[in-house]
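Colleague: For reference, the structure I am asking about is given below.
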Amino acid sequence: MNGVDRHFTVAQRVLHWVMAVCILAMLFIGVGMVSTVTTSHLALVSIHKPLGIAILILAVLRIAERLRAGAPALPADLPAPMKRAAELSHYALYALMIAMPLLGWGMLSAAAYPVALFPGVFLPPILAQSDSVHTLLWNLHRALAFVFFAIILLHVAAALFHALVRRDGVFQAMTAGSTTDAPRVRAAAE
Amino acid sequence: MPRPSPLSTIGSLIVIAVVVGCAGAAFAYAAGWLSPGRLTPSRLVAALAPPGGPVAGHRRNHAKGICFTGTFEANGAGSTLSKARVFQNGSYPVIGRFNLGVPDPAAADGTARVRGIGVQITTPDGQEWRMAMIDAPFFAVSTPQAFYELLVASGKKDVPDAMRNFAAAHPEIGAFGAWAKSAPFTESYAEERYNSLDSFVFADGSGADHTVRWSLVPTAPAVIVSGDDLAKRPKDFLEQEITQRLASGPQRWTMTVTVAEPGDPTADPSKAWPDGRRTVDVGTLAATKIVAEPDGPCREINFDPTVLPVGIRTSDDPFPSARSAAYAVSYDLRTAEADAYPGAGAGAPQ
């Protein structure tokens, strides 16, 4: 691994941590806003919609950057099933980052609600009103939110496992610190 | 790189379990799973159900209704209170729904104490103003929590003191009870005055805010029907009457906005504001055409009173938020049950 930078690019790391905050906030806001009739309901809904679109835009940028810059290789000694799980969970997370905002936008459209991001700022409907389409998208949006959170928990557990138990530099690839076998000195020297 | 000792590995695994466990617990808390007492929109909607359970495919309250189309003709006077496009002089398309405040779409028209109207006004800039109003002059209770408790108490037919206990805890219901007992019934949806009940904030072009309520005041004179006579009317007499009436010409209501003064109970729709408050007539709602609900444009609309144009926003009244949350649940349920809606079979419009 000598001479190979095992960091994600700076853009990837910034996007990762900004989106981590956004997506976690989004999931908590989502389950919270549908569980209360207090005025928090409206306040949370008014954050949920623009934040969802922000995540959609960031996800597009992030996938573009991933396609451009790739990702550091996983450690050679990582067992194949763990490698496979890492790859699959990352595909799932990218897919959900794109799908969830689109499902939300679509289900509001199919319910004939105006899709207001901010007062006076509307997104166009992407679907015509339809009871059956609304129901399908609503069910998907709700179910996938729980799937999303579950995968994030797995992702966090795996990241901490790399950081604390395996100590193999995988966690550090997404942080500002140095990786175990590719000291930050090298990156800084360039 | 040395691998950690088995002991520190166990410590690390415990740290991981604690982090994941705390995140899961926080999520469960946010979702209300750890708070069985939280009034969720679903609980509120479930409490609206009649004794036999909710009627699938229909709105969970105000279940019986008939669609209309028409226009809102703004006279421009509302622009002194709100910069909303809808108050600029002009005529804007309306989709509406006359309805009864009952959870049973098969209820006889004469049996409903509360009559209502849902209105959606669309302006050329693409903005919508949705409202759901009723003919009572004020609401029954002060808070959404009290409304839920009212629904629970009124559902306890086997507990003789349930309603008395409720009224003792929520004396504001006395005024509504008196209205319900004494207010006359009219013979037509066209003769009803419909009230927003909730307050909202109008923002004018200079940046000043005005907390307001509004009403649709009928231009048709009221013809009162006695209780005995009401019971003899056909089951759908209100729907038949409004259909015939609109066939002979549009029916109109004046939209009157009442402006609160400092200290008025803007957060409590069970309290009328004192007489003498400034009112502004901002335009006329004209209903021009009746369409039966199964074929009508109102069926797919959730008359969520928080769908507001720029220039109108919610106030400190706690009900619009609760109504928005509950109406969404009702919409989600009934659209998921659309197959149960009359005429939803083969060939019917979806």
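Colleague: Pairs needed: first member in region B:230-257, of a type in the set (Gly, Ala, Ser); second member anywhere, surrounded by 16 or more Cβ atoms within 10 Å (Cβ to Cβ); C-beta distance under 8 Å; at least 6 residues apart or different chains.
Modeller: Listed pairs, sorted by first residue: B:Ala231/B:Gly110; B:Ala247/B:Ile290.
Colleague: Still on this structure: Counting only residues that are charged (D, E, K, R), give me the strands (runs of 3 or more DSSP E) lying completely in region B:77-146 with at least 2 of them.
Modeller: Numbers: elements: B:90-100, B:115-122, B:128-134.
The qualifying strands (runs of 3 or more DSSP E) are B:128-134.
Colleague: Can you tell me how many residues within region B:291-326 are under 21 Å from B:Tyr189 (Cβ atoms), of a type in the set (A, V, I, L, M, F, W, C) and either surrounded by 23 or more Cβ atoms within 10 Å (Cβ to Cβ) or at the interface with chain A (Cβ under 9 Å from one of its Cβ atoms) (or both)?
Modeller: Adding up the residues that qualify gives 2.
Colleague: Here's another thing I want to ask about it. Please go through region B:1-47 and give me each residue that is more than 8 Å from chain A (Cβ to nearest Cβ), surrounded by 14 or more Cβ atoms within 10 Å (Cβ to Cβ) and touching a helix residue (DSSP H, G or I) at 6+ places or on another chain (Cβ under 6 Å), ordered by number.
Modeller: Result: B:Ser42, B:Val45, B:Ala47.
Colleague: Within the set of pairs 6+ apart or on separate chains, which have a first residue in region B:329-349 that is within 8 Å of another protein chain (Cβ to nearest Cβ), a second that is modelled with pLDDT under 95, and C-beta atoms under 6 Å apart?
Modeller: B:Ala338/B:Ala344
Colleague: Might you let me know whether region B:21-35 holds any residue that is in contact (Cβ under 8 Å) with a residue 12 or more places away in the chain and in contact with a Ser or Thr (Cβ under 8 Å, 6 or more places away or on another chain)?
Modeller: The first filter runs over region B:21-35 and keeps only residues in contact (Cβ under 8 Å) with a residue 12 or more places away in the chain, leaving none.
No: region B:21-35 contains no residue that is in contact (Cβ under 8 Å) with a residue 12 or more places away in the chain and in contact with a Ser or Thr (Cβ under 8 Å, 6 or more places away or on another chain).
Colleague: Let me spell it out: the conditions are (1) touching a residue at least 12 places away in the same chain (Cβ under 8 Å); (2) farther than 30 Å from A:Leu127 by Cβ, and B:Thr314 meets all of them except one. Which number is the exception?
Modeller: (2)
Colleague: Specify which of the listed residues (B:Ala203, B:Ala220, B:Ala169, B:Ala178) is surrounded by fewer than 18 Cβ atoms within 10 Å (Cβ to Cβ) and within 26 Å of A:Thr39 (Cα to Cα).
Modeller: B:Ala169
Colleague: Return the total of residues in region B:247-293 being more than 24 Å from the chain's Cα centre (by Cα) and aliphatic (A, V, I, L, M). Explain how you work it out, then say what you get.
Modeller: Taking region B:247-293 and keeping what is more than 24 Å from the chain's Cα centre (by Cα), we get B:247-250, B:261-263, B:275-278.
Going one step further and asking which of them are aliphatic (A, V, I, L, M), we end up with B:247.
Adding up the residues that qualify gives 1.
Colleague: State which residue pairs qualify: first residue over 19 Å from A:Asn139 (Cβ atoms) and without any contact (Cβ under 8 Å) to a residue 40 or more places away in the chain and inside region A:106-128, second residue among the hydrophobic types (A, V, I, L, M, F, W, C) and in a loop (DSSP other than H, G, I, E, B) in any location, beta carbons under 7 Å apart, and separation of 6 or more residues or different chains.
Modeller: A:Pro114/B:Val307; A:Pro119/B:Val310; A:Gly120/B:Val310
Colleague: Can you confirm whether A:Ala85 is away from chain B (no Cβ under 14 Å), closer than 27 Å to B:Gly24 by Cβ, part of a helix (DSSP H, G or I) and touching a residue at least 60 places away in the same chain (Cβ under 8 Å)?
Modeller: yes
Colleague: Quick one: A:Leu24 ticks every box in (1) in contact with a Ser or Thr (Cβ under 8 Å, 6 or more places away or on another chain); (2) assigned to a helix (DSSP H, G or I); (3) within 14 Å of chain B (Cβ to nearest Cβ) except a single one, so which number is it?
Modeller: (1)
Colleague: Now for a separate question. Do you know which residues across region B:230-248 are of a type in the set (A, V, I, L, M) and more than 9 Å from B:Ile290 (Cβ to Cβ)?
Modeller: B:Leu230, B:Ala231, B:Leu238
Colleague: Please tell me if B:Leu44 is touching a residue at least 60 places away in the same chain (Cβ under 8 Å) and either of a type in the set (Phe, Trp, Tyr) or in a helix (DSSP H, G or I) (or both).
Modeller: The answer is yes for B:Leu44.
Colleague: Moving on. Return a yes/no flag: does region B:128-148 have any residue that is more than 17 Å from the chain's Cα centre (by Cα), modelled with pLDDT of 95 or more and surrounded by fewer than 20 Cβ atoms within 10 Å (Cβ to Cβ).
Modeller: no
Colleague: List pairs: first residue in region A:45-71 and part of a loop (DSSP other than H, G, I, E, B), second residue not hydroxyl-bearing (Ser, Thr, Tyr) anywhere in the structure, Cβ distance under 9 angstrom, at least six positions apart or on different chains.
Modeller: Cβ pairs passing all conditions: A:Ala71/A:Phe8; A:Ala71/A:Gln12; A:Ala71/A:His90; A:Ala71/A:Ala173.
Colleague: What about A:Trp105, is it away from chain B (no Cβ under 13 Å), at pLDDT 95 or above and within 30 Å of B:Val310 (Cα to Cα)?
Modeller: It is true that A:Trp105 is away from chain B (no Cβ under 13 Å), at pLDDT 95 or above and within 30 Å of B:Val310 (Cα to Cα).
Colleague: Any residue at all in region B:60-69 that's more than 30 Å from A:Leu44 (Cβ to Cβ), surrounded by fewer than 19 Cβ atoms within 10 Å (Cβ to Cβ) and under 24 Å from the mean Cα position of the chain (by Cα)?
Modeller: Checking region B:60-69: at least one residue is more than 30 Å from A:Leu44 (Cβ to Cβ), surrounded by fewer than 19 Cβ atoms within 10 Å (Cβ to Cβ) and under 24 Å from the mean Cα position of the chain (by Cα).
Colleague: Report, by residue number, each residue of region A:116-130 that is closer than 17 Å to B:Asp332 by Cα and either in a helix (DSSP H, G or I) or away from chain B (no Cβ under 11 Å) (or both). Give the steps one after another, and end with the answer.
Modeller: So the first thing to find is which residues in region A:116-130 are closer than 17 Å to B:Asp332 by Cα, and the list is A:127-130.
Correct list: A:Leu127 only.
Colleague: Let me ask you something else. Select, from B:Glu192, B:Glu241, the only residue that is surrounded by 18 or more Cβ atoms within 10 Å (Cβ to Cβ), over 22 Å from the mean Cα position of the chain (by Cα) and not hydrophobic (A, V, I, L, M, F, W, C).
Modeller: Result of the check over B:Glu192, B:Glu241: B:Glu241.
The values are calculated or read from the model by the stated rules, or taken from the named source; none is laboratory data. Remember, it's a predicted structure, so these values are computed and weren't measured experimentally. For neighbour counting, all protein chains shown are included, and Cβ atoms are generated from backbone atoms with ideal geometry for every residue, glycine included.
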